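First the structure, in the form of structure tokens, and then the observations on it.
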Amino acid sequence: MSAYKDEDPRIHGIRTKIRVVPNFPQPGIMFQDITTLLLDPKAFKDTIDLFVERFKGKNISVVAGIEARGFIFGPPIALAIGAKFVPLRKPRKLPGEVISEKYTLEYGSDCLEMHVGAVKPHERALVVDDLIATGGTLCAAMNLLERVGAEVIECACVIELPDLKGRERLNGKPLFVLVEYH
């Protein structure tokens, strides 16, 4: 589901604050830059509010944010819905024992790690990131959570690039996005 289809008036303000940077981080990539969204307090608040409205009352106990931009959107959502925030980080960034999941993305490969014991079996989880492209990062995040017995309820992203078909890789898991870019 996408909020933009509901024609919420806040979506236009959010969309206009996202900058597109051609050929970053490498040639051929049209990078969707949310840092310009963060510079506008109203658009940033509207973004968080739309997510909170979607997920409040769904008994979510874990909001898992993907490094790095999932760390921007995840914590305020977690606080507002009464859930804990669990960071999913790049390799060797978390002290202590971790579990890892390797994945591919549209311009390379990477790995996510999570602290062992951060999420318990049967907890209801929401995965948050800024963008879904090919879906590799979200799939890795869901795999990490499901490997420890959590139930991933939904994924949430500010932006979807539907032409890259990332939603199809989520194995039917619901995805909530605010704006699409073709």
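The values are calculated or read from the model by the stated rules, or taken from the named source; none is laboratory data. All values reported here derive from a predicted model rather than from experimental measurement. A quick note on method: Cβ atoms are made from the backbone with ideal geometry, for glycine too, and the neighbour counts reach across all protein chains shown. Only protein heavy atoms, including side chains, enter the accessible area calculation; ligands, DNA and RNA are left aside. Shrake-Rupley method; radii C 1.70, N 1.55, O 1.52, S 1.80 Å.
Residues in the range 106-124 that are among the small types (G, A, S), outside any loop (DSSP other than H, G, I, E, B) and open to solvent by less than 50 Å² (accessible area, probe 1.4 Å): G108 alone. With respect to the stated conditions, I72 fails to be open to solvent by less than 40 Å² (accessible area, probe 1.4 Å), touching a strand residue (DSSP E or B) at 6+ places or on another chain (Cβ under 9 Å) and aliphatic (A, V, I, L, M). Contact map, the range 147-162: residues that are in contact (Cβ under 8 Å) with a residue 60 or more places away in the chain and closer than 14 Å to A118 by Cβ paired with residues that are part of a loop (DSSP other than H, G, I, E, B) and not charged (D, E, K, R), Cβ distance under 9 Å, separation 6+ or inter-chain. Pairs shown: A150/S61; A150/V119; A150/P121; A150/H122. Checked against (1) within 16 Å of the chain's Cα centre (by Cα); (2) closer than 11 Å to I77 by Cβ, K56 passes all but condition (1).
Got at least one residue in the range 131-142 being assigned to a strand (DSSP E or B) and either in contact (Cβ under 8 Å) with a residue 24 or more places away in the chain or open to solvent by 40 Å² or more (accessible area, probe 1.4 Å) (or both)? The answer is yes; a qualifying residue exists. Checked against (1) in contact (Cβ under 8 Å) with a residue 60 or more places away in the chain; (2) surrounded by 15 or more Cβ atoms within 10 Å (Cβ to Cβ); (3) outside any strand (DSSP E or B), D46 passes all but condition (1). Got at least one residue in the range 97-105 being small (G, A, S), in contact with an Asp or Glu (Cβ under 6 Å, 6 or more places away or on another chain), farther than 23 Å from V20 by Cβ and open to solvent by 40 Å² or more (accessible area, probe 1.4 Å)? Yes, the range 97-105 has at least one match.
Residue check: is K102 part of a strand (DSSP E or B) and among the basic types (K, R)? It is true that K102 is part of a strand (DSSP E or B) and among the basic types (K, R). Go through the range 111-145 and report how many residues are under 27 Å from R54 (Cβ atoms) and more than 16 Å from the chain's Cα centre (by Cα). Final tally of qualifying residues: 7.
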